[in-house]
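Structure record follows, encoded as structure tokens.
The values are calculated or read from the model by the stated rules, or taken from the named source; none is laboratory data. The structure presented is a predicted model; accordingly, all values stated were derived computationally and were not measured. Cβ coordinates were reconstructed from backbone atoms using ideal geometry, including for glycine residues, and neighbour counts include every protein chain displayed.
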Amino acid sequence: MNGILDVQGTATNPVVFTSIKDDSVGGDSNNDGSASSPSGGNWGAIRVLDGGSVTLNYTTVRYGGSYTYSCGYSYCGSYGNLGIEGEA
């Protein structure tokens, strides 16, 4: 993103970015009972592009990390749950 992501959870109402397979938050979102379990790489990443900003207060980010990017014809890297691209 090259905009603004401002997540304002609280101690009593935290925000969780997680896998659809993670039944520990929000219940069985994918309606498969216990047939699946979450793991790293279940979804991409929160990407912060040059000029963008992200604020995560009382926020947990888990089971992401499957995003890989390239620079032209070569592989440049991959992310965990959060990727920062561009100049700081």
Only one of these conditions is not met by Val25: (1) in a loop (DSSP other than H, G, I, E, B); (2) under 30 Å from Glu85 (Cα atoms); (3) touching an Asp or Glu at 6+ places or on another chain (Cβ under 8 Å). Which number is it? (3)
Return the residue satisfying two criteria in turn: it lies in the range 3-20 and is in a loop (DSSP other than H, G, I, E, B) and over 14 Å from the mean Cα position of the chain (by Cα), and of such residues it is farthest from Thr55 (Cα to Cα). Thr12
Any chance you could count how many residues in the range 19-62 are surrounded by 13 or more Cβ atoms within 10 Å (Cβ to Cβ), touching a Ser or Thr at 6+ places or on another chain (Cβ under 9 Å), of a type outside the set (Lys, Arg) and closer than 17 Å to Val7 by Cβ? 7
Filter the range 1-15 for residues that are of a type in the set (A, V, I, L, M) and closer than 24 Å to Glu85 by Cβ; which is surrounded by the fewest Cβ atoms within 10 Å (Cβ to Cβ)? Ile4
Can you name the strands (runs of 3 or more DSSP E) wholly within the range 43-88 that have at least 3 residues being of a type outside the set (S, T, N, Q), at pLDDT 85 or above and in contact with a strand residue (DSSP E or B) (Cβ under 9 Å, 6 or more places away or on another chain)? 46-48
